[in-house]
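For reference, the structure is listed below as structure tokens.
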Amino acid sequence: MSSQKPAKDVYDLVILGNGAAAFAAAIKADELEKKTAMIQGGMVGGTCINVGCVPSKRLLVAGEIIENNAEHDLGKGTIKPHLENFNFKNLIKSKNQMVSVLRREKYEAVLNGLSKNVQVFTGKAMFISKDQVRIATSGATITGRNFLIATGSSPRVPTIEGIEKVNYWTNVEALSPPFHPKSMIIIGGRALGLEFAQMYARLGTKVTLLQRSKTILPNEEPDLTKALSRYLTEDHVNILTNVEIKKVSQSHVTKSSRPIITVETLVHKKPFKFRADALLMATGRTPNSQEIGLEEIGVKLREGGSVIIDDEMRTNLSHIYAAGDVTGEPMLEALAAREGTKAAENALIGSRAKIDFNSVPRAIFTDPQFASVGLTEREALDAGYECNCRVLTFSEVSKARIIGNTRGVIKMVVDNKTLTVLGIHILCPYAGDLFTEAALMIKNKYTAADVVDTIHVFPTMSEAIKIVAQAFFRDVGATSCCI
Ligand SMILES: Cc1cc2nc3c(=O)[nH]c(=O)nc-3n(C[C@H](O)[C@H](O)[C@H](O)COP(=O)(O)OP(=O)(O)OC[C@H]3O[C@@H](n4cnc5c(N)ncnc54)[C@H](O)[C@@H]3O)c2cc1C
């Protein structure tokens, strides 16, 4: 990798961005020995390492440790966490240290290890023509044969009366908070909102989560979302659904005290006010596609701003590709990286590589975790399948009984004609860790019989996948765990 003044010559690939998608593309371009420019408009590594996956998982684990060390009175069903031994500031400090070490090892060192093929430039890039970008800080222009838009996404904050006068948080502030909030209102009941809700609740904050739809995670399997909602409520997250946000405001009790934030709502059409000392907006992410000259050069965007690409990651302009969050949902780190690799290959050597979006697994890192791949029952029906499903609770799974944690549900959706697995949805401890098997089943079009025929280690949580497949053939409640 070299960082220097732009060369006069033309780059084979110009990458806008420096997150997962951009890094994967730069590594592939370097392997292919193609002259590449990578333009970093933000912190090295982008969202995931700095203000996304990595720091959020660290704080979630801290909450889990507190929870596991709490006094559980199983008789009364109460939990007394030992929050007195825990220092919030030190926790954030240790998270920051971990992030900077990982950023150095996994991004800065990787970039330094790239050969002379990849030149890195700093500043925001903007298209000034179909084959040139300008870097804002230096004013330098870079010419390319191919381009990759990998500019990621930013928090989306909807228009709400009073929002501009309130010191609300997004994921950025919630992961490096200026104080330890005693109470927090979270607007949004999807992945980010739920992870932050449980994280803060376990770190001793009184959390109220306000969700617009009838349920949390409205696009996921209702059998599982209902169970997750119950578990989070047991973890002292106050979840309200059918909430319409009307107005937010902020007041200071005294000059030196923290502001109190008030959220005025209609819950099931009845007026309610909520107050807390922090407000977290977990209301989705907006693709970073504005102010980079895309519309001016004719790159087509969807209504919400995501860049439209075909299954080879190419935009409507044949030499301009896009990868990662800027292309819209699903916004996932591993998917962004894979798209970056394939886009670079397609642009540089015409591989015509595609991604099987149907087998992309996704996970929400609550406890228990929620992992999903393929179609839900609703989606299978909408797609015209005559589908069949089995749902199982983890009290049917020996490992869950052995470790004394049966909080979990699994659902398998199959094509009723062939028993081909169309979707798997799991809510259980560490579901994300056992889920690659599920993605392989969908990718390779396994049938429920193939799954049953695959020997699973006993006793493990992954046996749940085998048992739910068995449920298409027999009553698993009456089956020995050796079957
Ligand atoms: C709180 C949180 C938790 C998450 N947890 C998970 C998780 O557990 N698992 C998971 O798979 N995903 C998770 N995600 C999503 C994941 O972080 C993203 O999908 C992934 O980081 C997207 O990578 P990207 O390369 O598309 O964009 P980014 O990582 O956002 O990188 C884009 C980079 O481009 C820069 N840029 C923007 N404009 C320009 C410009 N004009 N010129 C040059 N550079 C520019 C940006 O500053 C940024 O540095 C989480 C996200 C958040 C917010």
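FYI, it's all coordinate maths here, none of it is from the lab. No experiment lies behind these values; they were computed from the predicted model shown. Neighbour counts run over all protein chains shown; Cβ positions are idealised from the backbone, glycine included.
Here is how the numbers come out for the structure above:
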quantity	calculated
Candidates per trypsin sites (Lys or Arg not before Pro) in the stretch 378-465, loop by DSSP, up to 12 other Cβ within 10 Å	Lys417
Label-to-label distance, nm, for residues given as Asp433 and Lys106 (7 Å Cα→Cβ offset)	1.6 nm
Those aspartates and glutamates that a straight Cα-Cα span of less than 16 Å connects to Lys445, excepting residues fewer than 8 apart in one chain	Asp356, Asp415, Glu437, Asp453
Spacing of the two label points (7 Å from each Cα toward its C-beta) at Asn90 and Ser395, in nm	4.1 nm
Sum of -39500 (n - 2.57) over DSSP H runs of 4+, divided by residues of the chain (222 nm, nearest 500)	-8000 deg cm²/dmol
Whichever lysines have a C-alpha closer than 19 Å to that of Lys206, once near sequence neighbours (fewer than 8 apart) are set aside	Lys80, Lys89, Lys182, Lys273
Qualifying trypsin sites (Lys or Arg not before Pro) in the stretch 318-354, DSSP loop, other Cβ atoms within 10 Å at most 14	Arg352, Lys354
Rounded D (µm²/s) - the chain, Kirkwood Rh over Cα pairs, Stokes-Einstein at 10 °C, 1.306 mPa s	65 µm²/s
Calculated FRET value between Glu234 and Lys273, using beta carbons and R₀ = 25 Å, to 0.05	0.45
Whichever aspartates and glutamates have a C-alpha closer than 16 Å to that of Lys116, once near sequence neighbours (fewer than 8 apart) are set aside	Asp9, Asp12, Asp30, Glu31, Glu33, Glu108
Point-to-point label distance, Cys53-Ser176, nm (Cα→Cβ direction, 7 Å offset)	2.1 nm
Chymotrypsin sites (Phe, Trp or Tyr not before Pro) within the stretch 158-193: DSSP coil, no more than 12 neighbouring Cβ in 10 Å	Phe179
Under-5 Å amide H pairs with Ala140, H placed in peptide plane, nonlocal only	Ile135
Full-extension gain in nm, Arg258 to Ala383, via 0.36 nm per residue minus C-alpha separation	39.9 nm
Vicinal HN-Hα couplings computed from phi for the stretch 442-454 (Karplus, 6.51 cos²θ - 1.76 cosθ + 1.60; Hz; Gly/Pro x)	5, 4, 9, 6, 5, 9, 4, 5, 4, 5, 4, 6, 8
Cα-centre dipole for the chain with unit charges at Cβ (Lys and Arg positive, Asp and Glu negative), debye to 20	1280 debye
